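Rule-based calculations on the coordinates, nothing more; no lab input. In this text the structure is predicted, and so the values were computed from the model without any measurement. Note: ideal-geometry Cβ built from the backbone for every residue, glycine included; neighbour counts use all protein chains shown.
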Amino acid sequence: MPAKEPVAVVGVGQTKHVAARRDVSIAGLVREAARRALDDAALDWADIDAVVIGKAPDFFEGVMMPELYLADALGAVGKPLLRVHTAGSVGGSTALVAAGLVAARVHRTVLTLAFEKQSESNAMWGLSLPVPFQQPLLAGAGGFFAPHVRAYIRRSGAPGTVGSLVAYKDRRNALRNPYAHLHEHGITLEKVQSSPMLWDPIRYSETCPSSDGACAMVLADRAGASRAPYPPAWVHGGAMRSEPTLFAGKDFVSPQAGKDCAADVYRQAGITDPRREIDAVEMYVPFSWYEPMWLENLGFAAEGEGWKLTESGVTELGGDLPVNPSGGVLSTNPIGASGMIRFAEAVLQVRDRAGAHQVAGARKALGHAYGGGSQFFSMWLVGAGPPET
Amino acid sequence: MSATPASGAPSAPEVPRAPLVVEFPFTRSLGPVQSAFLTGLRERTVLGVRTAGGRVLVPPVEYDPETSEEIGDLVQVGTAGTVTTWAWNPDPRRGQPLRTPFAWVLVRLDGADTGLLHALDAPGPDAVRTGMRVRVRWAQDRGGAITDIACFEPYENGDEGGGESGGGNREGGGGNRHTAGHAAGHAAGHAAGHGKAGGPANGEGRRVDPAAPGAGRRAAAGPRPHSGAFDDPVTGVVAPARLDYTYTPGRAQSRFINALAERRITGERCPSCRKVYVPPRGACPTCGVATSEQVGVGPRGTVTTFCIVNIKAKNLDIEVPYVYAHIALDGADLPLHARIAGIPYDRVRMGLRVEPVWTQGGRHPDHYRPTGEPDADYDTYRELL
């Protein structure tokens with residue numbers, strides 16, 4: 001018996017992500033994703049041993065500890081129910097905590113879910129709370145990240161148009177994903193490039209929307225995988241890393257914690273050349289420029305070279321290394337769920353169940369999330385076949 | 001462990017304090033069950049749900065706590081009930097249901113199996129007891145919210161049922177009220193064919209078939225099926241939340257703030273890595289050791305990176321566009337964040353040399369402006385972005 005139980009993803013469920021789901025409560029929203037994941041796995045509530053749930057800060061809905069009241073909706077009564085919180089990366093770390101429970105043989109079948117109902121609050125407000133004695137300055141996440149984008153452009157010498165190429169690609173990919181929030185049918189590169197500048201150098205069309213949505217997965221051991229009606233995805237590696245938000249020597253353009261996290265995942269998965277061995281990537285790109293930045297941070301390109309992959313079309317759906325075939329965070333952003341959607345979309349790719357945004361023949365895919373002030377990282381690598389033990 | 005400052009700070013620095021209020025009008029999408037419940041309150045109707053196990057839950061939930069299945073089986077319960085437990089609140093706070101002292105109560109409404117949390121208007125704790133009969137006092141203006149129930153009020157002579165108009169259906173003495181109240185709930189359960197064991201049988205005589213003609217007011221006590229359909233249903237509510245804090249910034253920040261009051265900018269040097277932190281946090285986040293050595297930095301510095309903010313934040317009173325910049329003050333090992341002015345926003349650049357601009361009575365530099373020096377070379381600040 002291997003030291004760890006191999007972990008399979010046997011079910012995936014998402015809501016149709018939209019600006020406001022006024023027809024459902026938070027409970028109704030998470031229920032919808034969970035039910036779809038169970039259906040995908042041909043399981044029912046009684047088959048689940050434990051539930052692991054994640055969401056971003058409580059300020060985003062103003063419900064303190066929402067997991068307490070969501071136990072009924074998630075069939076968690078009489079079972080362990082854990083909540084994970086690592087800011088924007090939480091969807092990823094939630095899935096990894098769930099995977100750990102199966103790998104450690106604590107539980108055999110675990111439901112993991114992440115959500116955000118952004119319409120109930122205002123994230124820009126929630127992220128810019130004034131603190132006494134400090135000068136109120138910060139204008140939301142865009143204001144926080146835009147200077148780092150400028151630093152990347154300066155450091156890499158990337159042409160100013162690269163960000164718009166990412167946004168144009170991801171919005172077109174989203175048109176192939178029925179669950180994506182933004183479906184901009186008339187999108188053109190010119191429209192992206194002429195959209196208003198919000199936090200120069202970040203334009204409106206290069207930012208993520210504010211979404212209501214939930215994503216769920218069912219994770220199982222080998223026995224569970226063998227009973228699954230559809231091919232499972234297998235977890236080949238998963239890791240989390242964190243570092244302080246601000247410290248002398250922090251590299252916001254390519255944080256050390258991100259590099260270390262990716263290196264750990266590749267080591268577990270036996271990946272030595274991610275650019276060649278990985279078939280699809282779902283990475284957390286809330287502002288378009290983060291695609292080239294993360295391509296470097298995750299080892300797909302040398303430092304200062306990430307933008308060349310984007311510019312040359314490598315990251316397009318038909319390219320050599322498709323990035324965010326689902327449309328990514330740029331097209332769908334229920335913050336707490338966004339990381340799990342990356343993980344789940346990587347799963348759909350290797351299960352050959354991504355539909356119109358399927359990357360042909362994808363065998364290995366990376367799901368990536370980050371959160372806070374580039375301080376939390378979580379990633380997993382999933383494969384179509386079981387990991388070598 | 002000694003944390004005596006190496007220099008500068010007095011032994012007992014003045015620690016500033018300030019109120020910090022966090023408040024937001026959160027919105028709630030209700031979903032079908034809560035929508036029916038709150039719309040019902042508007043119509044002076046209290047709805048619960050019946051679970052697969054036959055229990056009637058008030059307030060209603062969307063999913064069965066036992067089977068996890070969706071519940072759509074709405075029932076109407078009475079507007080009078082029995083206190084199952086309580087706590088006296090001698091000092092009501094802002095936003096609580098009553099301004100005068102009151103009891104928090106769990107009320108099991110007639111026909112329900114669970115307690116609804118609300119306020120009971122009573123003259124004092126001596127007037128409250130577990131088992132007492134109470135009824136809803138409806139708010140004058142109702143819009144579909146839990147506050148449509150203004151509070152509960154004593155109804156010691158009230159039998160199960162009725163409640164809101166009260167008085168007309170009393171019978172018997174006070175001694176059997178408690179028993180009657182309990183029995184009504186159980187009897188209702190039996191009537192629905194989902195009864196739990198252990199219900200006292202002596203309530204049998206009070207059971208009323210709600211469908212029978214002339215069943216009268218007490219019929220309301222039985223949990224009758226209800227479609228949950230109302231005209232103009234409430235689908236969302238605004239739930240204002242407010243947190244009141246007293247904020248104290250801590251010793252390191254206080255030293256920094258007190259120095260700013262004298263128009264000095266001070267950092268703290270890590271005794272291990274020797275990096276200078278501005279503003280100081282009292283500890284080095286990389287080395288994990290306390291910092292105490294005070295180091296004067298600036299006042300001049302270099303813009304290492306920035307963005308131009310064109311979008312006005314809800315809670316910021318700054319005209320747009322403005323430049324939000326990272327500024328590495330001379331002598332500091334990481335940038336602080338500040339606004340740049342005194343130069344057209346589109347002429348701000350990386351490497352620009354700046355200095356603070358103080359205003360009368362300001363707690364910190366209002367902004368930074370160009371010094372007129374030549375721009376700093378990229379290599380001098382590339383590690384300080």
Quiz prompt | Members of segment B:283-310 found to be in contact (Cβ under 8 Å) with a residue 60 or more places away in the chain, over 18 Å from residue B:340 (Cβ atoms) and assigned to a loop (DSSP other than H, G, I, E, B), listed by number | solution = B:292
Quiz item: Which one of the conditions (1) in contact with a Pro (Cβ under 9 Å, 6 or more places away or on another chain); (2) hydrophobic (A, V, I, L, M, F, W, C); (3) not in a loop (DSSP other than H, G, I, E, B) does residue A:71 fail to meet, given that it meets all the rest?
Solution: (3)
Practice problem: Report yes if some residue within segment B:43-53 is facing chain A (nearest Cβ under 8 Å) and outside any strand (DSSP E or B); otherwise report no. | Solution: no
Quiz item: In segment B:129-154, how many residues are closer than 18 Å to residue B:45 by Cβ and part of a loop (DSSP other than H, G, I, E, B)?
Solution: 7
Exercise. Return the pairs, sorted by first residue and then second, in which the second residue is of a type in the set (D, E, K, R) and not in a strand (DSSP E or B), the first residue lies in segment A:50-61 and is farther than 21 Å from residue A:100 by Cα and without any contact (Cβ under 8 Å) to a residue 24 or more places away in the chain, the beta carbons are less than 8 Å apart, and the residues are 6+ apart or on different chains.
Key: none
Quiz item: What number of residues within segment A:3-58 satisfy the criterion of being closer than 18 Å to residue A:333 by Cβ, part of a strand (DSSP E or B) and touching a Phe, Trp or Tyr at 6+ places or on another chain (Cβ under 7 Å)?
Solution: 1
Exercise. With respect to residue B:371, determine if the residue is surrounded by fewer than 19 Cβ atoms within 10 Å (Cβ to Cβ) and over 40 Å from the mean Cα position of the chain (by Cα).
Key: yes
Quiz prompt | Filter result for residue A:102 (away from chain B (no Cβ under 14 Å), in a strand (DSSP E or B) and surrounded by 21 or more Cβ atoms within 10 Å (Cβ to Cβ)) | solution = no
Quiz item: Which of the residues spanning segment B:92-105 are under 16 Å from residue B:128 (Cβ atoms) and not small (Gly, Ala, Ser)?
Solution: B:92, B:97, B:98, B:100, B:101, B:102, B:104, B:105
Practice problem: Check whether at least one residue in segment B:60-76 is more than 23 Å from residue A:30 (Cβ to Cβ) and under 22 Å from the mean Cα position of the chain (by Cα), and report yes or no. | Solution: no
Quiz item: Is there any pair linking a residue in segment A:135-162 that is touching a residue at least 60 places away in the same chain (Cβ under 8 Å) and more than 8 Å from chain B (Cβ to nearest Cβ) to one that is among the acidic types (Asp, Glu) and in a helix (DSSP H, G or I), with Cβ under 7 Å and at least six apart or on different chains, and which?
Solution: A:162/A:311
Practice problem: Given the conditions (1) more than 8 Å from chain A (Cβ to nearest Cβ); (2) assigned to a strand (DSSP E or B), report the number of the one that residue B:373 does not fulfil. | Solution: (2)
Exercise. Would you confirm whether any residue within segment A:228-246 is part of a helix (DSSP H, G or I), over 30 Å from residue A:23 (Cβ atoms) and out of contact with any Ser or Thr (no Cβ under 6 Å at 6 or more places or on another chain)?
Key: no
Quiz item: Do we have residue A:209 as away from chain B (no Cβ under 14 Å), under 22 Å from residue A:111 (Cβ atoms) and assigned to a loop (DSSP other than H, G, I, E, B) here?
Solution: no
Practice problem: For segment B:256-269, name all the residues that are farther than 17 Å from residue B:328 by Cα and in contact with a strand residue (DSSP E or B) (Cβ under 7 Å, 6 or more places away or on another chain). | Solution: B:259
Quiz prompt | Qualifying positions in segment A:228-246 - surrounded by fewer than 19 Cβ atoms within 10 Å (Cβ to Cβ) and either aromatic (Phe, Trp, Tyr) or free of Cβ contacts under 8 Å to residues at least 40 places away in the same chain (or both) | solution = A:230
Quiz item: Counting just the residues of segment B:15-37 that are among the small types (Gly, Ala, Ser) and more than 7 Å from chain A (Cβ to nearest Cβ), which one comes out nearest to residue B:49 (Cα to Cα)?
Solution: B:36
